[in-house]
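A short worksheet on the structure shown next.
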Amino acid sequence: MAKEFLLFGLIPGFVLRLGLICYSTSTTRSSPMPPGRFFPGLGQRIPLGLDHPLILTPNEFIHPCWGKALFGITDLVIGILLYQLCPSRGTLSSHRQLVTLIWLLNPFVMNISTRGSSESLLGVVIIGFLYSAQRKKWDTAAILLGVAVHFKLYPFIYATAIWAQLSEHTHSGFGWLSISHPQFRFGVISLTAFSALNLLMYSIWGHEFLESSYLYHLRRLDHRHNFSPYFYPIYLRFTSSLSESSTLIRYLQHPLVSFIPQMSLSLALGFRYGNQNLPFACFIQTYVFVIFNKVVTSQYFMWYLWFIPLLVEEIQLLKSELIYVAVVWVSTQAIWLSQAYRLEFLGEPQFRGVWLSSIVFLLGHSWIVGMIITGFLRSSSVSPRSHQIKLKKK
């Protein structure tokens with residue numbers, strides 16, 4: 001591990017996360033909920049089989065900030081894995097250090113993990129899955145993918161990218177037409193790991209585990225405002241009689257409707273790009289999955305952000321295009337947040353404004369997806385020039 005990475009990436013990242021955890025602890029001592037104790041009484045409740053996150057049990061007998069410390073440490077582990085995955089040959093060694101620092105010193109990433117969000121646990125499993133796949137350790141990669149799907153259901157979409165990656169017909173853009181021994185082996189191992197974890201959890205919590213982890217998503221209707229345009233039709237279902245006379249509203253209110261564009265696009269992109277570049281396929285699948293999800297919050301952005309350091313050398317964009325992408329990514333969120341602020345804090349009736357902002361958010365990020373795919377395709381056919389920024393080196 002390079003000395004520069006240790007001194008200017010890993011150590012500062014550790015210190016900053018430790019500082020944020022200490023700060024959050026000191027500022028919440030007056031709160032009725034003790035810092036880090038999101039589920040009090042975990043230790044006593046385990047024998048009763050009640051609802052709780054098993055991994056946060058040490059909050060009871062080690063320290064109340066165990067969870068935040070664990071999530072911060074896994075953040076650092078993700079940084080180390082990204083450092084190992086990034087190209088290290090020739091002039092790319094500086095890029096290898098830079099992109100990893102982007103993760104380790106990213107304030108958004110640090111805030112998410114140190115405030116008590118467990119997304120970094122999922123991230124270390126997914127990046128570990130890519131790390132194993134890059135080294136052709138497919139059995140390990142299969143186990144990690146099964147674990148990832150157990151943590152959060154959505155990584156199952158990567159199955160199509162893996163299917164294409166392991167296809168024997170790599171000359172084809174669509175690897176799904178073949179069934180090979182590596183594909184079958186990977187699927188069996190991954191499914192076994194996933195099933196074993198689920199059986200263990202089911203033996204502890206029973207049907208409540210299935211309900212909370214899987215069945216709930218099939219009928220989930222979240223009427224609270226978020227970045228997704230689906231929230232408003234669902235909100236109308238609970239507050240208006242409009243749903244009784246509008247076929248479109250009733251259609252959009254159905255909990256399974258959002259899965260149609262979301263699953264179609266995510267799975268197809270895995271088939272299309274999985275045999276060309278696995279990290280890119282997983283990234284673009286996740287990006288599309290997030291923006292078309294029926295619930296979208298800032299926390300979900302983490303699901304695709306940890307792929308970005310691996311793709312800076314894989315996507316070729318004009319400087320102007322890169323600026324436009326950054327502006328659209330930030331401005332669509334800013335527009336939505338301005339409307340949400342008026343609704344939440346000023347008490348103004350801005351549900352329609354928030355909904356229109358959500359549509360702008362979806363359109364803007366759909367355009368970003370198109371630009372990213374264009375940049376990826378361009379990188380294999382256009383030589384880099386001084387006015388271009390290459391975000392696979394050929």
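Each part reduced to its alpha carbon centroid, segment 307-333 and segment 344-383 end up 12 Å apart. From the alpha carbon centroid of segment 1-19 to that of segment 57-81 is 16 Å.
Karplus-derived 3J(HN,Hα) values for segment 339-345, using 6.51 cos²θ - 1.76 cosθ + 1.60 with θ = phi - 60°, are 6, 5, 5, 5, 6, 7, 9 Hz; glycine and proline are entered as x. Computed about its Cα centre, the charge dipole of segment 279-388 is approximately 160 debye, with only Lys, Arg, Asp and Glu carrying charge at their Cβ. Exposure proxy for Ile179, Ile157: other Cβ atoms within 10 Å of each Cβ, ordered fewest to most, give Ile179, Ile157.
We did not get these values from a lab; they are worked out from the coordinates using the rules stated. Keep in mind that this is a model prediction, so the values were computed, not measured. No Cβ is skipped: glycine too gets one built from the backbone with ideal geometry, and neighbour counts run over all protein chains shown.
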